[in-house]
Amino acid sequence: MEEGSLGCAEVLALLTDYLDAALPPGRHRAVAAHLGACEECSAWLAQVLATIAALGCLRDGVISAQVLAALRESFGERCRGGGVTNDGGGARGRRT
């Protein structure tokens, strides 16, 4: 990895801000460069975008409180070690 480039954990931690265009220009370019070169991270980005597209139609009141609680629990379990790891540095997760 060249000096100043971002690692996968850092890119995944910045992915939401990257998608929201909330990164400074240099950091945005570094994330974009990593995504262009890293097959795993670009696959993760594709999954995030597919999730956003699939769930984007949901509005308040569309999902029952029970289903919403089950979804939160499911995602919580994945982030605690059921297939997604967290490096402790704020990474949103990485499939293992």
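What follows draws every value from the coordinates through simple rules; no lab data is involved. The shown structure was predicted, so the numbers you read here are calculated from the model rather than taken from an experiment. Neighbour counts run over all protein chains shown; Cβ positions are idealised from the backbone, glycine included.
Can you give the FRET efficiency to the nearest 0.05 for A65 and H28, using r as the Cβ-Cβ distance and R₀ = 25 Å?
0.10
Kindly identify the stretch 10-69 as rounded, prolate or oblate by the Cα gyration tensor criterion: order the square roots of the eigenvalues as a ≥ b ≥ c, call it rounded if a/c is under 1.5, otherwise compare a/b with b/c, prolate if a/b is larger, else oblate.
prolate
What dipole magnitude, in Debye to the nearest 20, does the stretch 1-65 give about its Cα centre under +1 on Lys/Arg Cβ and -1 on Asp/Glu Cβ?
Once rounded to the nearest 20, the dipole reads 240 debye.
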